[in-house]
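Participant: Okay, handing you the structure first.
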Number of protein chains: 2
Amino acid sequence: MSADPAIRRDIPDATVARLPEYLRALSDVADRGISSVSSEELAQAAGVRSTQLRKDLSHLGSYGIRGVGYEVEHLALEISRALGLTQDWPVAIVGMGNLGRALAAYSGFATGGFHVAAVFDEDAALAGALVADLPISPMTDLALLVRERGITIGVIATPAASAQSVCNALVEAGVRSLLNFAPLVLVVPDDVDVRRVDLSTELHVLAFHEQRKSLPPELGVAR
Amino acid sequence: MSADPAIRRDIPDATVARLPEYLRALSDVADRGISSVSSEELAQAAGVRSTQLRKDLSHLGSYGIRGVGYEVEHLALEISRALGLTQDWPVAIVGMGNLGRALAAYSGFATGGFHVAAVFDEDAALAGALVADLPISPMTDLALLVRERGITIGVIATPAASAQSVCNALVEAGVRSLLNFAPLVLVVPDDVDVRRVDLSTELHVLAFHEQRKSLPPELGVAR
DNA sequence: GCAACTTTGTGCCCGCGTTCACAAACGCTT
DNA sequence: AAGCGTTTGTGAACGCGGGCACAAAGTTGC
């Protein structure tokens, strides 16, 4: 009845953000040899409410069996398909400082179709040095390698000072999805997606809540 | 008229998440020798709308001057105070793999009262080795050092397999704010805050949007 | 000292996301 | 085959956060 090919459109952003976690939880469950889970079990493993899980999954389609639960392998496949993990995603990392090197070596990278296809650094003196079995390329080769290797995702792991120019180079080369580790807001065209990961911001938020905990002189709200 | 001490309560989470960015934008502005900014200028530097910036700041208090703007240094101080950055925050990092070492060396750590007070690894063989001028301590010293050095924030940079046990040890030692880089949902008591940073999740979300860009056979929505 | 201009602070509305409540659907037992 | 228990899928209510419009308040110029 329902169309087979990726049917659903307009999956809410909030749902998309949780799908990777569901996928990870499913992987855990599968590793334990379990082939079927209820929304309640899976939700607990993913740290959300079961109703939320079911509503999220409902945006993908009806892949559960009422009275039983979800078939682990099948659901994992459907989520992977929705996220686009059934295809290969070559990634470029720019900035081979401590962080860039750690990212290049990060094993979690390998999960779900991603792989480091090239690494770059603005310091031409580093060119040729090996990082996780890959030679560091100079920025002048960026456009060429992006084209040759079909790179669609760029990771910026440079200092803040050079992040915008590196970003411009990536966009110029045709990369439209960026993961930014530099502590600044990048300016990009509308069709480019940027996600930012900032250690400093996370620490600040933690400090805020920690402060609230230590000085509760008034206002005893739940949180 | 208005009380001087940290007056405002219940700052929305969404606002708190943006305050660090405002602080960074203010720092940039200050570096350019500017002493006063309008909400419009500052908002642009922080990548938000000016109305949003003003509403966010209104939760802290009235620190702007109508017809003029905000005094850069004063506003930075007030945001710092709201976030709790006027005090010192000793941080412990657990897991001295590639990522842990990169984090320990990360300069952005130093901003706003944070500093790495101790680093740990479950591998006792690493004990004593220097990372960013700090000797790696064995996990058996965790409780002692947390107490001695007043550590309130813990960073988990271990593999997923050991993350939960490390988390338990940190919580047991009295740490109530955690930054988790391991790809799993930690189980913690209600009074413990956990923020998670996951490269894999970010890549998945990017892949989703990238996929949507490449295959636009139907539905020409704005996004 | 007054008027015109500028910029902040905020009340109100709207849209998104989360949760609740419940009906629909499935397996199992008798 | 029919009923019972279980679990999914979803319509509806609710609450939070963002953006608009505007009043309040301050500055500048004359």
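Read the figures in this text as sums done on the coordinates, not as results from a lab. Worth saying up front: this structure is predicted, and the values here are computed from it rather than measured. Here Cβ is always computed from backbone atoms with ideal geometry, including for glycine, and neighbour counts include all displayed protein chains.
Participant: When the scattering of chain A is computed by the Debye formula from its Cα atoms alone, each counted once and equally, what is log10 I(q)/I(0) at q = 0.09, 0.10, 0.11 Å⁻¹?
Facilitator: These q points yield log10 I(q)/I(0) values of -0.50, -0.61, -0.72.
Participant: Hey, any idea what Rg/Rh is for the protein assembly as shown, computing Rh the Kirkwood way over Cα pairs? Numbers along the way, then the final one.
Facilitator: On the way: Rg = 22.8 Å, Rh = 23.7 Å.
The Rg/Rh ratio comes out at 0.96.
Participant: Also: Suppose you put the label 7 Å out from Cα in the Cβ direction; list, shortest first and in nm with one decimal, how far A:GLY150 is from each other copy's label.
Facilitator: Nearest first, the other copies' label points are 5.6 nm away.
Participant: Can you work out which chain B residue has the shortest Cβ-to-axis distance for the rotation that carries B onto A, and give it in Å?
Facilitator: Taking Cβ atoms only, the nearest residue and its distance are B:ALA102, 2.
Participant: What average number of partner chain Cβ atoms lie no more than 10 Å from the Cβ of the residues making up A:14-20?
Facilitator: Numbers: counts 0, 0, 5, 5, 2, 4, 10.
Mean partner shielding for this stretch: 4.
Participant: Considering every residue in B:179-186, what mean count of other chain Cβ atoms within 10 Å of its Cβ is obtained? Walk me through the intermediate numbers first.
Facilitator: On the way: counts 5, 1, 4, 1, 7, 7, 9, 1.
Mean number of neighbouring Cβ atoms from other chains: 4.
Participant: Hey, how many Å between the Cα centroid of the stretch A:134-205 and the Cα centroid of the stretch B:57-117?
Facilitator: Taking the Cα centre of the stretch B:57-117 as reference, the centre of the stretch A:134-205 is 24 Å away.
Participant: Let me ask something else about it. Take every residue in peptide A:64-73, count the Cβ atoms of other chains within 10 Å of its Cβ, and give the average of those counts. Numbers along the way, then the final one.
Facilitator: Values: counts 0, 0, 0, 0, 0, 0, 0, 0, 0, 0.
Per residue, the average neighbour count from other chains is 0.
Participant: Running a GNM on chain A with Cα contacts under 10 Å, which residue among A:ILE11, A:ILE136, A:ILE79 ends up with the highest mean-square fluctuation?
Facilitator: A:ILE11
Participant: Between copies, how close do the A:SER165 label points come, placed 7 Å along Cα→Cβ, listed in nm from shortest?
Facilitator: 4.8
Participant: Per-residue counts of other Cβ atoms within 10 Å, averaged by peptide: what ranking do you get for B:48-58, B:63-73, highest first? Mind dumping the intermediate values first?
Facilitator: Values: B:48-58: 16.6, B:63-73: 14.3.
Ranking the peptides B:48-58, B:63-73 by packing returns B:48-58, B:63-73.
Participant: Nothing charged except the Cβ atoms of Lys and Arg (+1) and of Asp and Glu (-1): what's the magnitude of the dipole of the stretch A:117-220 about its Cα centre? Round to the nearest 20 debye.
Facilitator: On the way: 7 positive and 14 negative charges, 46 e Å.
I would put it at about 220 debye.
Participant: Subtract the Cα-Cα distance of A:ASP88 and A:LEU215 from 0.36 nm times their separation in residues, and report this length gain in nm to one decimal. Don't skip to the answer; put the middle values down first.
Facilitator: Details: separation 127, 0.36 × 127 = 45.72 nm, distance 4.99 nm.
This chain segment gains 40.7 nm when fully extended.
Participant: Using a simple charge model, +1 on the beta-carbon of Lys and Arg, -1 on the beta-carbon of Asp and Glu, nothing else, what dipole does chain B show about its Cα centre, in debye to the nearest 20? Can you show the working numbers first?
Facilitator: Values: 19 positive and 27 negative charges, 122 e Å.
For chain B, the charge dipole is close to 580 debye.
Participant: B:ILE65 to B:ARG81: extension gain in nm, 0.36 nm per residue of separation minus the Cα-Cα distance?
Facilitator: Values: separation 16, 0.36 × 16 = 5.76 nm, distance 1.94 nm.
Length gained, B:ILE65 through B:ARG81: 3.8 nm.
Participant: Here is a further query. Under the convention of a label 7 Å out along Cα→Cβ, give the distances in nm from B:SER27 to the same position in every other copy, shortest first.
Facilitator: 3.3
Participant: Which Cα, out of A:PHE120, A:GLN44, A:ALA30, lies furthest along the positive dipole direction of chain A (beta carbon charges, K/R +1, D/E -1)?
Facilitator: Of A:PHE120, A:GLN44, A:ALA30, it is A:GLN44.
Participant: Any aspartates and glutamates with Cα under 19 Å of the A:LYS55 Cα? List them, leaving off those in the same chain fewer than 8 positions away.
Facilitator: The reachable aspartates and glutamates, counting only those whose Cα sits under 19 Å from A:LYS55, are A:ASP10, A:ASP13, A:GLU21, A:GLU40, A:GLU41, A:GLU71, A:GLU78.
Participant: Which lysines, if any, have their Cα less than 22 Å from the Cα of B:LYS213, not counting same-chain residues under 8 positions apart?
Facilitator: Cross-link targets: none qualify.
Participant: Is the shape of the stretch B:13-83 rounded, prolate or oblate, going by the alpha carbon gyration tensor and its root eigenvalues a ≥ b ≥ c, with a/c under 1.5 for rounded and a/b larger than b/c for prolate?
Facilitator: Numbers: a/c = 1.28, a/b = 1.22, b/c = 1.05.
Rounded shape, in that the Cα axes give a/c under 1.5.
Participant: Over chain A, what is the mean sequence separation of C-alpha contacts under 8 Å (at least six apart), divided by residue count, expressed as relative contact order in percent? It would help to have the intermediate numbers written out before the result.
Facilitator: Numbers: 296 pairs, mean separation 28.3, N = 223.
After rounding, I find 13 percent.
Participant: If you build the Cα gyration tensor of the stretch B:89-202 and take the root of 5 times each eigenvalue, what three semi-axes come out, in whole angstrom, biggest first? Please list the in-between numbers first.
Facilitator: On the way: eigenvalues 68, 51, 45 Å².
Rounded to whole Å, the semi-axes are 18, 16, 15.
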